[in-house]
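J.: So that we are looking at the same thing, I have put the structure below in C-alpha cells.
The values are calculated or read from the model by the stated rules, or taken from the named source; none is laboratory data. Everything numeric in this text was worked out from a predicted model, so none of it was measured. For neighbour counting, all protein chains shown are included, and Cβ atoms are generated from backbone atoms with ideal geometry for every residue, glycine included. What goes into the accessible areas is simple: the full protein's heavy atoms, side chains included, and nothing from ligands, DNA or RNA. Shrake-Rupley method; radii C 1.70, N 1.55, O 1.52, S 1.80 Å.
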There are 2 protein chains.
Amino acid sequence: MALVRISGSSELSLVEQIVGQMKQLIDNGVVRNGSRAVSIRCFARDHKISAHTVAEAYARLVAHGYYQSRPRSGFFVSRPQVYAHSSDAAEDGAMEPDHLWQLRSHFTMRHDRLGASSGRMPSDWLDIDLIRSGMKSLAAKADTSLAQYGDPYGYAPLRGLLQTRLLGLGIHTQPEQILLTSGATQAADLVMRCFLKRGDRVLVEDPGYFNLFSNLHLHGIRPVPVPRKADGPDLDMLDALAREHRPAMMFVQSMLHAPTGSSLSPANAHRLLKLAEQHDFRIVENDVYCDMLGLTLPRLATLDQLARVFYVGSFSKTLSSATRVGFIAGAAQFVDELCSHKMVASITGSQVDERLVYHALSEGQYRRSVERMRYRLANALQMAGDMLEEQGFEIFCRPLGGKFVWARHLQIDDSEDIWRRAAQAGILIAPGKVFRNHLQATPWFRLNVAYCTEPALLNFLRGLRA
Amino acid sequence: MALVRISGSSELSLVEQIVGQMKQLIDNGVVRNGSRAVSIRCFARDHKISAHTVAEAYARLVAHGYYQSRPRSGFFVSRPQVYAHSSDAAEDGAMEPDHLWQLRSHFTMRHDRLGASSGRMPSDWLDIDLIRSGMKSLAAKADTSLAQYGDPYGYAPLRGLLQTRLLGLGIHTQPEQILLTSGATQAADLVMRCFLKRGDRVLVEDPGYFNLFSNLHLHGIRPVPVPRKADGPDLDMLDALAREHRPAMMFVQSMLHAPTGSSLSPANAHRLLKLAEQHDFRIVENDVYCDMLGLTLPRLATLDQLARVFYVGSFSKTLSSATRVGFIAGAAQFVDELCSHKMVASITGSQVDERLVYHALSEGQYRRSVERMRYRLANALQMAGDMLEEQGFEIFCRPLGGKFVWARHLQIDDSEDIWRRAAQAGILIAPGKVFRNHLQATPWFRLNVAYCTEPALLNFLRGLRA
C-alpha cells in the first residue's frame with residue numbers, strides 16, 4: 001500500500017507533494033527512523049511518475065535532513081533531531097530599557113505589539129513591487145559575475161547613479177569618493193574603526209540615534225552630547241564643548257533628525273562647518289532619510305564639498321530594509337582607507353543587494369514610490385501633530401517630512417511612565433531616554449507617525465489625559 | 001525632425017530605445033544641456049507610441065541624471081557631470097606585497113591577469129543556475145516581509161537547515177546557537193569585537209589566512225603563530241607557546257586549511273581540545289571549505305559540542321561569493337552576545353541573500369552542484385600535484401579536497417622571486433609570505449588548482465626549472 005498519495009490536480013508540484021507527505025510521515029513516526037526508503041525506481045513505478053521527479057524529491061529530503069543517501073545502498077530515513085526555538089527573542093518587559101533594549105526590541109519585536117516608536121513602516125506602506133521587479137530583472141540578467149565577489153568599493157553602476165544623486169544635492173564627487181556599505185550602520189562603524197581610537201572624544205547629538213551610542217561605547221570612544229534644537233545642534237554649546245573636550249569628530253544628522261524630526265538650517269550648517277574648522281574636527285553627516293525629504297536643502301557636504309565632511313546615506317528607509325545597502329562619500333584618500341577596513345571586516349558587500357538596489361533606482365518606479373511615501377507621510381505628520389496637540393502633548397517641532405515626531409505630555413515628567421503604561425496596553429512606546437547617550441530621564445518620546453491612526457494608539461494617548 | 005528613431009523590430013524595449021538614444025544625444029552634445037525636453041504628450045504623438053511608455057523613459061532619464069523634472073514646467077536636459085574612474089584600483093606592481101596587498105589584489109584584480117594563487121574559481125566552474133533559480137523562486141514568493149528588516153539572528157528557515165547540516169557533522173545545536181553573519185569574515189570579526197580586547201594574545205596558524213592577520217592587527221590583538229603541519233597545528237609547539245603567552249583564543253582551520261590544503265586528524269583534534277582546556281583558551285574553528293570536502297571527518301566542534309569551540313561556516317565558496325552569508329555556532333549565551341554586537345555593527349544581514357541561500361540549499365540542485373565541483377577539484381588536485389612534482393616542485397601535502405596546494409620549488413629559496421617573475425608573465429602568484437603573520441620570507445606559495453591547466457601557467461612553471 002502506498003503511503004504517499006499524489007494528485008495531478010493539486011496546486012503543489014509532484015515534487016512538493018512527495019516531500020511534504022514524506023516529512024509528515026517521518027515526523028509522525030509512521031515511517032520509522034533508520035528504515036530504508038523505497039528505491040527511486042520502485043517509487044516511480046508504484047506512482048506512475050518519472051524517476052527524475054522522485055530523484056528530485058529525494059534530493060530535497062536529503063537537503064532537509066530527512067533522508068540520508070548512502071552510496072550503493074540507497075536512501076535511509078533519518079528524522080532530523082532539531083528542536084523548535086525555545087523562547088521569544090526579546091521579552092519587552094524583561095529587560096531594562098537602554099540602547100541595546102531599543103535595538104533588540106526594535107528589530108526582534110513580537111508581532112502582536114504595536115511598535116509605535118519604532119522606525120519600521122507598516123507593511124502596506126512598503127512597495128514590494130519595486131523589490132519583486134528588481135529581482136526579476138536581476139534573475140534575467142544573472143551571469144557568472146553574480147557568483148563571484150563583487151567590487152569592494154561596491155557595484156560600479158550603482159556608484160555612478162549615486163554620483164548623479166549627490167550632484168542633485170550640489171555635492172560633486174569622483175567615483176573613488178563613494179564606497180558602498182552594508183547600510184548606514186556599517187558606514188559609521190568603519191569610520192570609528194578607521195579614524196577613531198579608544199579614549200577619543202566625539203560630539204554627538206542629544207537626543208540622537210541609539211545605535212550610534214552603543215557602537216561608540218563598544219569602541220571605547222567617549223561621546224560628548226550637544227543638545228539638538230529645532231534648527232540643528234546648539235552651536236554656542238557646541239563651541240564651548242569643543243573647546244573643553246577637543247573632539248576628533250562629530251556625528252550629526254542634518255535633515256529629519258531622529259528622533260526629533262528637526263532639520264539643520266543653512267545658516268547653522270555654515271556656522272557648524274566654521275566651528276569644525278576652528279576646532280579641527282571632522283564631521284560624519286548622516287542623511288539616511290534624504291529621500292523622505294523631497295526638498296533639496298543644502299547639506300553640510302554641499303557647502304564643504306567633502307573636504308572635512310563624510311556624507312552617509314542608505315536605501316533601507318525608502319526601498320527595503322531587507323537589502324543592506326548604504327554608502328559613504330568623502331575625500332578620496334579617506335575613502336580608500338575606509339575601503340581597506342571594509343575589506344578586512346567583511347571583504348565586500350552583497351553584490352545581489354547592490355544590483356537589486358541599482359535596478360530599482362534606475363527605473364522610474366522608485367521615484368514614484370518615494371513620492372507616494374512622502375505624500376502619505378506629510379499627511380500623517382499633519383494629522384499626528386494636530387492629534388497630539390489636541391490631546392495635551394507638546395511637539396518639539398513640526399518636521400519638514402519623515403516619519404518621526406518628538407513629543408511630550410505636559411503632565412508627565414518622565415516618558416518612562418508612558419512606556420510602562422503603553423506596554424500594559426500592548427503598545428511599545430520607547431521611553432525617550434533610550435535616545436540619550438547617558439540614558440538620562442526625559443519627558444520626551446518618539447512616535448512613528450505612520451501608526452498614529454491606529455485606534456489602539458489613539459485610545460491610549462487619549463487615556464493619558466485623564 | 002525626430003532625433004530619436006524607434007523600431008518595433010528592435011530587441012530592445014521601446015523604453016530602452018528612447019533612454020539609450022536620448023543619453024547618446026545628450027552625451028554627444030546634439031541635445032543641448034539646459035534645453036527643455038519635448039513634452040511627454042508631444043513625444044508620444046510624434047512617435048505614435050503611448051504616453052505611458054514615454055513617461056517611463058523620461059522617469060529613467062531622470063533617475064540617471066539626464067533629465068530634470070521641474071514641477072509645472074516639464075523636463076529639462078541636464079547632462080550628468082560625472083567622470084569615469086580615474087585609475088585602476090590595484091596596480092599589482094605598485095605596492096609591496098603584504099596582507100592588505102593580497103586582499104586588494106585578490107579582490108580588485110585586473111581581468112587580464114591570471115590569478116593563479118587567488119581563491120576565486122574560474123567563471124565556468126560556478127553554477128549560476130543555482131542563483132538564478134533561487135532568485136526566481138524568491139521573486140515569486142516576495143511579500144512585504146521582504147522589504148522589512150530580517151531577523152537579527154538570520155532567516156529562521158535557513159538556520160533550521162543549518163541545524164540539520166551540523167547534525168550531519170555530529171554537531172548538535174538549538175536554533176539560538178546559530179547566528180547568520182555576512183560571510184565567515186564578519187563571524188571572526190564579531191568574535192574579536194565581543195570576546196577579545198587590545199593586547200590580548202591569540203594563537204593563529206602559520207601559514208594561515210591573510211585576512212585574519214589584518215583583522216587581528218586592526219583590533220590591536222597580538223597573534224602568536226603556531227606552525228601548521230600536514231595533520232594540523234604543531235601541538236608540542238602549541239603547548240609551549242600557550243604556556244608562555246597565555247592566549248585567550250585560537251583561530252584554526254581544521255579541514256582543507258588555507259593555504260596548505262591540510263586537514264586536522266581526529267587524534268590531533270582530541271589533543272588540541274585537551275590543550276585548550278588545560279591552558280583555558282577558546283577556539284574558533286573555521287570550516288568554510290566544508291562542502292568541498294565531502295568526507296564527514298569529525299570537526300573540533302563534533303568532539304566538543306560547542307562548549308569551548310565556535311564553529312564558523314560560509315556559502316561563499318560553493319554557492320556564490322556575491323551573496324554574503326556565513327554563520328557562527330556556539331554556546332547559546334555567547335551567540336546571544338555575538339548577536340548584540342552584530343546588531344550594533346550592522347543591524348541585520350541581508351534578508352535577500354539569506355533567503356536566496358535558503359532556496360538554493362533546500363532544493364536538491366545544490367548537493368549535485370557541490371558534488372560536481374568536488375569531482376572536478378579532485379581531478380584538478382591530482383593533475384596539479386603530478387605536474388608540480390614533475391617540474392621540480394615539492395608539495396606540502398596531498399590535500400583531501402579543496403582548491404589549494406602549497407608548493408615550493410626546490411631551487412628557489414624565496415617565493416617572492418616567483419611572484420616577481422610570474423608578474424612579468426601576466427600571472428599573479430602571491431609570494432607565500434602574505435600568508436604569514438609577520439610576512440616572513442618563505443619558499444612556499446599557494447596555487448589554486450583550478451588554474452593548473454592554463455597553458456600560460458604551465459609554461460611559466462616549466463620555465464622556472466631551467
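J.: Relative to the isolated chain, which residues of the stretch B:121-144 have their accessible area cut by 40 Å² or more in the presence of all protein chains (1.4 Å probe, heavy atoms, no ligands or nucleic acids)?
T.: By number: B:Ser123, B:Leu126, B:Ile128, B:Arg132, B:Met135, B:Ala139, B:Ala142, B:Thr144.
J.: Ordered shortest first, which distances in nm separate the 7 Å Cα→C-beta label point of B:Glu371 from those of the other copies?
T.: From this label point to the equivalent ones elsewhere in the assembly: 5.4 nm.
J.: Of the trypsin sites (Lys or Arg not before Pro) in the stretch A:10-55, which ones lie in a loop per DSSP and count no more than 14 other C-beta atoms within 10 Å?
T.: When the trypsin sites (Lys or Arg not before Pro) of the stretch A:10-55 are filtered for loop state and at most 14 Cβ neighbours within 10 Å, A:Arg32, A:Lys48 remain.
J.: Also, quick follow-up: When 1/r is averaged over all different Cα pairs and the result inverted, which Kirkwood radius in Å belongs to the stretch B:125-209?
T.: Evaluated on the stretch B:125-209, it is 16.4 Å.
J.: Would you please calculate the Kirkwood hydrodynamic radius of the stretch B:352-428 over all C-alpha pairs and express it in Å, rounded to one decimal?
T.: Computed over the stretch B:352-428, the radius equals 15.3 Å.
J.: Provide, for q = 0.10, 0.14, 0.16 Å⁻¹, the log10 of I(q)/I(0) from a solvent-free Debye sum over equal Cα point scatterers in the stretch A:128-362.
T.: After summing over all Cα pairs, the log10 values are -0.45, -0.87, -1.12.
J.: Return the sequence-ordered ³J(HN,Hα) values of the stretch A:406-417 in whole Hz as given by the Karplus equation 6.51 cos²θ - 1.76 cosθ + 1.60 applied to θ = phi - 60°, using x for Gly and Pro.
T.: Karplus values, whole Hz, x for Gly and Pro: 10, 10, 9, 8, 5, 9, 10, 7, 9, 5, 5, 4.
J.: Run through the other copies and list how far each one's label point is from that of A:Pro266, in nm with one decimal, shortest first; the point sits 7 Å from Cα along Cα-Cβ.
T.: For A:Pro266, the other copies' label points sit at 7.6 nm, shortest first.
J.: Using DSSP, restrict attention to beta bridges with both residues in chain A and report what percent are antiparallel, rounded to the nearest 5.
T.: The antiparallel fraction comes to roughly 60 percent.
J.: If all Cα-Cα distances of the stretch A:1-45 are sorted into 5 Å bins from 0 onward, what percent lands in each bin, rounded to whole numbers?
T.: Taking every Cα pair in the stretch A:1-45, the percentages come to 5, 19, 29, 28, 15, 4, 1.
J.: Now for a different question. PRE reach from B:Asp336 (point 7 Å along Cα→Cβ): which of the stretch B:132-159 fall under 17 Å by backbone N?
T.: Backbone N within reach: B:152-154.
J.: Just to confirm the numbers: A:Ser10, label point 7 angstrom along the Cα-Cβ line, distances to the other copies in nm, shortest first?
T.: 4.8
J.: So, one more: Report, in degrees rounded to the nearest 10, the 0 to 90 angle that the Cα long axis of helix B:332-346 makes with the longest principal axis of chain B.
T.: Long axis of B:332-346 versus the principal axis of chain B: about 40 degrees.
J.: To the nearest 500 deg cm²/dmol, what mean residue ellipticity at 222 nm is calculated for chain A from DSSP H runs of n ≥ 4 alone, each contributing -39,500 (n - 2.57), summed and divided by the residues?
T.: -13500 deg cm²/dmol
J.: So if I take the centroid of the Cα atoms in the stretch B:13-63 and the same for the stretch A:111-133, what is the distance between those two points in Å?
T.: Distance between centres, Cα-based: 34 Å.
J.: Averaging over all projection directions, find the projected area of the Cα convex hull of the protein assembly as shown and quote it in nm² with one decimal place.
T.: Average of the hull's projected areas for the protein assembly as shown equals 42.6 nm².
J.: Still on this structure: Structure shown: which of B:Lys229/B:Lys433; A:Lys342/A:Lys403; A:Lys229/A:Lys342; A:Lys197/B:Lys317; A:Lys342/B:Lys229 lie over 23 Å apart, alpha-carbon to alpha-carbon?
T.: Pairs exceeding the cut-off: A:Lys342/A:Lys403; A:Lys229/A:Lys342; A:Lys197/B:Lys317; A:Lys342/B:Lys229.
J.: What fraction of the Cα pairs in the stretch B:14-77, stated in percent, has a spacing above 15 angstrom?
T.: Pairs farther apart than 15 Å: 46 percent.
J.: For the rotation taking A to B, I'd like to know which residue in chain A has the C-beta closest to the axis, plus that distance in Å.
T.: Axis relating chain A to chain B; nearest Cβ residue and distance: A:Ser350, 2.
J.: In the stretch B:227-343, what % of DSSP beta bridges are antiparallel (nearest 5)?
T.: 45
J.: With every protein chain left in place, what is the accessible area per residue of the protein assembly as shown in square angstrom, probe 1.4 Å?
T.: 39
J.: Please report the antiparallel percentage of the DSSP beta bridges confined to the protein assembly as shown, to the nearest 5.
T.: Rounded to the nearest five, the antiparallel share is 60 percent.
J.: Normalised radius of gyration for the stretch B:294-423, please: alpha carbon Rg relative to 2.2 N^0.38 Å, two decimal places.
T.: Normalised by 2.2 N^0.38 Å, the Cα Rg of the stretch B:294-423 equals 1.41.
J.: Let me ask something else. Using alpha carbon centroids, what distance separates the stretch B:412-466 and the stretch B:257-315, in Å?
T.: With the stretch B:412-466 and the stretch B:257-315 each reduced to a Cα centre, they are spaced 29 Å.
J.: Relative contact order, percent, of the stretch B:14-77 when contacts are C-alpha pairs under 8 Å separated by at least 6 residues?
T.: Computed over the stretch B:14-77, the figure is 41 percent.
J.: Let me ask something else about it. Given contacts defined as C-alpha pairs under 8 Å and at least six residues apart, what's the relative contact order of chain B, whole-number percent?
T.: Value for chain B: 17 percent.
J.: Net charge near B:Asp231, counting Lys/Arg +1 and Asp/Glu -1 over other residues with Cβ under 15 Å of its Cβ?
T.: It works out to a net charge of +2.
J.: Here is a further query. Which residues, if any, in the stretch A:354-396 have at least 20 Å² less accessible area in the whole protein complex than in the isolated chain, probe 1.4 Å?
T.: A:Ser362, A:Glu363, A:Gly364, A:Arg367, A:Arg368
J.: Could you give me the percent of Cα pairs per 5 Å distance bin for the stretch A:271-339, shortest bin first, beginning at zero and ending with the bin that holds the maximum distance?
T.: Taking all Cα pairs of the stretch A:271-339, the binned fractions are 4, 15, 23, 22, 18, 12, 5, 1, 0 percent.
J.: Follow-up. Could you size up the charge dipole of chain A around its Cα centre, putting +1 on the beta carbon of Lys and Arg and -1 on that of Asp and Glu, and report it in debye to the nearest 20?
T.: It comes to approximately 1580 debye.
J.: Computed FRET efficiency, Cβ-Cβ of A:Gln21 and A:Arg243, R0 56 Å: what is it to the nearest 0.05?
T.: 0.15
J.: Could you compute how much accessible area chains A and B hide from each other, both sides summed, with a 1.4 Å probe? Nearest 100 Å² is fine.
T.: Chain pair A/B: roughly 8100 Å² of buried accessible area.
J.: Further, regarding this structure: Quick check of the Kirkwood formula: for chain B, what is the inverse mean of 1/r over all pairs of different Cα atoms, in Å?
T.: For chain B, the Kirkwood estimate is 25.1 Å.
J.: At 1.4 Å probe size, with the rest of the protein present, what percent of the exposed accessible area of chain B is carbon and sulfur atoms?
T.: The C+S portion of the solvent-accessible surface of chain B is 50 percent.
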